[in-house]
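J.: The structure is given below, and queries will be raised subsequently.
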Amino acid sequence: MKRNFFNPGSLDKNRLPKIVSRRIFGSSPDNFAAGTAYRSDGGDDDDDDDDDASTETKRLLKKVNLAIRKATEGLGKDDVLAIRGIVEEVIGKKGKDGKFEEGSLNIEALRSMADEKTGVLAMLAKQGQEITDLKNRSQQQQQDMSIRAQCIRWMESNKDAIAKYKDGTSKSMPELQIDLRFAGDILQTRDANSPMTPANTMPNGTTYITRFEVDPTVNNPLRPNPTLWDTLSKGRTGSETYAWVNKKPTEGAAAFIAPGVYKPAVSFTLESEFSRAKKIAANEKMAMELLDDIDGFVSWVETELRYQLDIKLNEAVSTGVLSSTMIAGLTTLSKPFPELSGCEAEKANIWDAISACVDVLRARYLSGPIVCRIHPIDLGNARRTKANNQGQLFIPPVTGATILEDYTQTRGTITVFASNYYKLLIYKAFMMKWGWENDDFTKNLVTVIGELRLHQFVSDQYIDEFAITDTLDNIIAAIDVAPLP
């Protein structure tokens, strides 16, 4: 509540009540005594000099109060009280009631105090501000600003709030603010990263910070391709059992005869063979999370499953041994190069060996395309063959065979065959199926299977004639004759 004090000094003297005391003092709102003097006994109340002095005193007191307010803005309470005490000691003497004693106000001191530029009050205010700054800096230097100390001070200053939060009467806690500038020597002394580089700005790497893109494909391991399987011709059939008929002449032959002579008889027999479809299969089991979390994982699974089947088929058509579940491979159906083939070559080389094998197969009346399967290193050596004169590269002749580079062919050997006689018929094309087995559903697992069913056969009519597999050294030795002069 604002208190209004009766201040006789602010009233016209003619309106004052007649009282016995010589002087009456009141208290100003700024706690300074503002006295108005007038004579009620032994003097003329209309004394102009006394009235002028009283008016100047009030004006000066008001000016001093205003100067104190301006000079003490931002200072602490103790400093403000100290400055006021100094002012009061200079301008007058206060009694026990806190008011200036009668006749103690020094008007000259008031004039000196009230000067805004050179007055003592301005100097005291400046000195008080400097003292306050020194105290603040001293307290800041001495105060422990470690994280531990800051937490302890927070807990001490918020004891009541913490207690209320613990007993459930309050659902909020005061905010804890940590000043990291004083948290430790590392934070205080760390130098700025100038210039900022990727190494010092992102010390843990740039993953997920910079813009990135993921290749939608996957890098497959280095491994052989199913070259032979992809090259061989394939047909289709809709039966699990596939049969064929071999016609074999047994007796007789045509002859030139005279008129009326008995014509010679000829005959043949028919023999049937059959093939039962063989199955090749594989499976992959995986967690459903892989399919959900990795884009393209399904296609990678299916691609790998198909590759595993194809590479196994490539191995089977190369070296498989015929059984109830396995197909027969070319090398197991082939025969070595005949020693008495009749093929010859002077300074024979790899090209000559291939050409000789083709000639042998043609001499057996085999028709259609002929394929030579060779390891890439051996083919490279053949290309590096030199001519016999001045070391120029040898120009390969036309061998009559399609050259097939295949890493699954044993180095130093070749397989030459008439491809039309090696039969492959697809009964059930490659297919994949997804599903659960046993407790896969509860384990969040899923299985994919891939399988293919096919027939492979060579008619008994051609099984010993259609393919040759031998080492290059053996073939070259069999056809090589005396060197060129």
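The values are calculated or read from the model by the stated rules, or taken from the named source; none is laboratory data. None of the values given here were measured: they were computed from a predicted structure. Note: ideal-geometry Cβ built from the backbone for every residue, glycine included; neighbour counts use all protein chains shown.
J.: Tell me yes or no: at least one residue of the range 432-449 is free of Cβ contacts under 8 Å to residues at least 12 places away in the same chain and either among the acidic types (D, E) or not assigned by TED's automatic domain parsing to the domain that holds Y307 (or both).
T.: Looking for residues that are free of Cβ contacts under 8 Å to residues at least 12 places away in the same chain and either among the acidic types (D, E) or not assigned by TED's automatic domain parsing to the domain that holds Y307 (or both), one finds at least one in the range 432-449, hence yes.
J.: Within the range 171-198, restricting attention to residues that are loosely packed, with under 10 Cβ neighbours inside 10 Å and of a type in the set (A, V, I, L, M), which residue is modelled with the lowest pLDDT?
T.: Filtering first and then ranking leaves I186.
Here's the yes/no breakdown for (1) hydrophobic (A, V, I, L, M, F, W, C); (2) at pLDDT below 95; (3) not assigned by TED's automatic domain parsing to the domain that holds G450:
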{"position": "I280", "(1), (2), (3)": "yes, no, no"}
{"position": "K285", "(1), (2), (3)": "no, no, no"}
{"position": "D293", "(1), (2), (3)": "no, yes, no"}
{"position": "G296", "(1), (2), (3)": "no, yes, no"}
{"position": "S299", "(1), (2), (3)": "no, yes, no"}
{"position": "T303", "(1), (2), (3)": "no, yes, no"}
{"position": "R306", "(1), (2), (3)": "no, no, no"}
{"position": "D310", "(1), (2), (3)": "no, no, no"}
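J.: While we're looking at this one, here's another question. Just give me the residues in the range 323-340 being closer than 20 Å to S355 by Cα, touching a strand residue (DSSP E or B) at 6+ places or on another chain (Cβ under 9 Å) and among the aliphatic types (A, V, I, L, M), in sequence order. Quick ask: steps written out before the conclusion?
T.: From the range 323-340, those closer than 20 Å to S355 by Cα are 330-331, 334-340; that's our starting set.
Still in the list and also touching a strand residue (DSSP E or B) at 6+ places or on another chain (Cβ under 9 Å): 330-331, 334-338.
Listed by number, the list holds a single entry, L330.
J.: Within the range 254-275, identify whether any single residue is assigned by TED's automatic domain parsing to the domain that holds V448, within 30 Å of L454 (Cβ to Cβ), under 54 Å from the mean Cα position of the chain (by Cα) and not charged (D, E, K, R), and answer yes or no.
T.: Checked the range 254-275: no residue is assigned by TED's automatic domain parsing to the domain that holds V448, within 30 Å of L454 (Cβ to Cβ), under 54 Å from the mean Cα position of the chain (by Cα) and not charged (D, E, K, R).
J.: Now a separate question. With the range 219-311 as the region, which strands (runs of 3 or more DSSP E) entirely inside it contain at least 3 residues that are without any contact (Cβ under 8 Å) to a residue 24 or more places away in the chain and either among the aliphatic types (A, V, I, L, M) or surrounded by 11 or more Cβ atoms within 10 Å (Cβ to Cβ) (or both)? Can you show your working first?
T.: Values: elements: 241-251, 267-276, 278-287.
By residue number, no strands (runs of 3 or more DSSP E) qualify.
J.: Now for a different question. Look through the range 317-331, keep the residues that are touching a residue at least 40 places away in the same chain (Cβ under 8 Å) and out of contact with any helix residue (DSSP H, G or I) (no Cβ under 8 Å at 6 or more places or on another chain), and return whichever of them is nearest to I468 (Cα to Cα).
T.: So the residue we want is A328.
J.: Does D378 satisfy the condition of being at pLDDT 95 or above, surrounded by fewer than 20 Cβ atoms within 10 Å (Cβ to Cβ) and in contact with a Cys (Cβ under 7 Å, 6 or more places away or on another chain)?
T.: On the way: at pLDDT 95 or above: yes; surrounded by fewer than 20 Cβ atoms within 10 Å (Cβ to Cβ): yes; in contact with a Cys (Cβ under 7 Å, 6 or more places away or on another chain): no.
No; evaluated as a whole, the condition is false for this residue.
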